[in-house]
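*Asks:* Below are the structure tokens for one structure; questions will follow.
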Amino acid sequence: MQRAFKSNFAIQWGYCAPGFVLAVQQLLDRYEDPTDEEIAYALGGNLCRCSGYVNIFNAVRELAAARAQVAG
């Protein structure tokens, strides 16, 4: 998860990182390949004023793809 967030520049200051990490972990435990709507809902309780959410969504997609590759 750290690599996915770092490679997508998903976290700048890190203040919001713990909440996003926990939310993403729970999301990916629940859905193997989450839709954008599912990602948005899962991250809805976290506020990021630095990086915006596009990079965070990209990190989630990358992480889901990597997990699918390992599993499949």
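*Asks:* Look through the range 41-52, keep the residues that are under 12 Å from the mean Cα position of the chain (by Cα) and surrounded by 17 or more Cβ atoms within 10 Å (Cβ to Cβ), and return whichever of them is modelled with the highest pLDDT.
*Replies:* Only one residue fits best here, namely Ala42.
*Asks:* Could you tell me whether any residue of the range 31-38 is β-branched (Val, Ile, Thr) and surrounded by 10 or more Cβ atoms within 10 Å (Cβ to Cβ)?
*Replies:* In the first step, residues of the range 31-38 are kept if they are β-branched (Val, Ile, Thr); the result is 35.
If we keep only those that are surrounded by 10 or more Cβ atoms within 10 Å (Cβ to Cβ) too, we end up with none.
The answer is no, given that none of the residues of the range 31-38 is β-branched (Val, Ile, Thr) and surrounded by 10 or more Cβ atoms within 10 Å (Cβ to Cβ).
*Asks:* Then there is this: Inspect all residues belonging to the range 21-40 and state whether any of them is modelled with pLDDT under 95, in a loop (DSSP other than H, G, I, E, B) and among the aromatic types (Phe, Trp, Tyr).
*Replies:* Looking through the range 21-40, none of the residues is modelled with pLDDT under 95, in a loop (DSSP other than H, G, I, E, B) and among the aromatic types (Phe, Trp, Tyr).
*Asks:* Residues being more than 17 Å from Trp13 (Cα to Cα) and either in a helix (DSSP H, G or I) or out of contact with any helix residue (DSSP H, G or I) (no Cβ under 8 Å at 6 or more places or on another chain) (or both): count how many of those fall in the range 44-56.
*Replies:* 1
*Asks:* Continuing with the same structure: Against the definition (assigned to a helix (DSSP H, G or I), in contact (Cβ under 8 Å) with a residue 12 or more places away in the chain and among the polar types (S, T, N, Q)), how does Gln69 come out, yes or no?
*Replies:* Values: assigned to a helix (DSSP H, G or I): yes; in contact (Cβ under 8 Å) with a residue 12 or more places away in the chain: no; among the polar types (S, T, N, Q): yes.
So Gln69 does not fit the description; no.
*Asks:* Hey, another quick one. Looking at the range 7-30, which of its residues are without any contact (Cβ under 8 Å) to a residue 24 or more places away in the chain and within 17 Å of Arg67 (Cβ to Cβ)?
*Replies:* Val21, Leu22, Ala23, Gln26, Asp29, Arg30, listed by residue number.
*Asks:* Which members of the range 44-64 meet the condition of being of a type in the set (Gly, Ala, Ser) and in contact (Cβ under 8 Å) with a residue 12 or more places away in the chain? It would help to see each step written out before you state the result.
*Replies:* Of all residues in the range 44-64, those of a type in the set (Gly, Ala, Ser) come to 44-45, 51-52, 59, 64.
Across the range 44-64, the qualifying residues are Gly45, Ser51, Ala59, Ala64.
*Asks:* For Ala65, are the conditions met, namely being surrounded by 18 or more Cβ atoms within 10 Å (Cβ to Cβ) and modelled with pLDDT of 95 or more?
*Replies:* Numbers: surrounded by 18 or more Cβ atoms within 10 Å (Cβ to Cβ): no; modelled with pLDDT of 95 or more: yes.
No, not satisfied.
The values are calculated or read from the model by the stated rules, or taken from the named source; none is laboratory data. Just so it is clear, the model here is predicted, and its values are computed rather than measured. Don't worry about glycine lacking a Cβ; one is built from the backbone with ideal geometry, like all the others, and counts go over all protein chains shown.
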